[in-house]
Amino acid sequence: KVNRILLIDPAPADGLITPEEYYPALALYRNNRDLLKAALAGTIPSGDPDKLLEKLVNDAMVMDSRGFTENARALEQYNYLPELHKIQCPVLILFGEKDLLITDKLLSETLKQLPKATVKKLPGIGHSVNVENPVLAVQIINEFFGS
């Protein structure tokens, strides 16, 4: 039995469509470290950008190259909205106020279907609180799960 659900920067439950014209740029990230670094910089506006950014870029450069485009394609392939009403446990959704990828508007349909959801919008945080401020992320997670 699931007692609680934590979602960090969730894509919308009805999928996330990446405009087709973005795919050539996503493919360029595979082999262009500077371009990838610039793109990632836009997702982490807080924290120690130089140290953190270098680690993220290093990790991304060794991942399976299909991930640059195929992750975006996968996000287009699902729609969980019709199933969300079955979730009756508490749900905590964390996302950053400076998140350029997941916005209030994108989450609105998901939230309509999750009556027990609480949204915690984190000031100064971009797309990934667990990356930008792991101490804060652990604190929130421990509070939510009661540990």
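Just a few scattered comments:
- Nearest-ten-degree value, helix 134-145 long axis tilted from longest Cα axis of the chain: 20 degrees
- Model label sites at Arg66 and Gln139, defined 7 Å from Cα along the beta-carbon direction, differ in position by 4.1 nm.
- Most mobile of Ile87, Ile102, Ile125 in a GNM of the chain (Cα contacts under 10 Å): Ile87
- Volume per residue for the stretch 18-75 equals 83 cubic angstrom (convex hull of Cα atoms).
- Loop sites by DSSP among the GluC sites (Glu not before Pro) of the chain, restricted to those with at most 16 other Cβ atoms within 10 angstrom, leave 1-75 as the longest stretch without any of them.
- Residues whose placed amide H lies under 5 Å from that of Ile8, excluding near-sequence neighbours: Leu94
- With a Förster radius of 35 Å applied to the beta-carbon distance between Ile5 and Leu52, the computed FRET efficiency rounds to 0.80.
- Taking N as its residue count, the alpha carbon Rg of the chain over 2.2 N^0.38 Å: 1.11
- Pairs of Lys residues in the chain are counted when their Cα atoms are under 26 angstrom apart and they lie 8 or more places apart or on different chains; the count is 26.
- Extension gain, Arg73-Ile17: 0.36 nm per intervening residue step, less the Cα-Cα distance, totals 19.4 nm.
No value in this document is a laboratory result; all are computed from the given coordinates. Keep in mind it's a predicted model, so treat the numbers as computed, not measured. All Cβ positions, glycine included, derive from the backbone under ideal geometry; neighbour counts span all protein chains shown.
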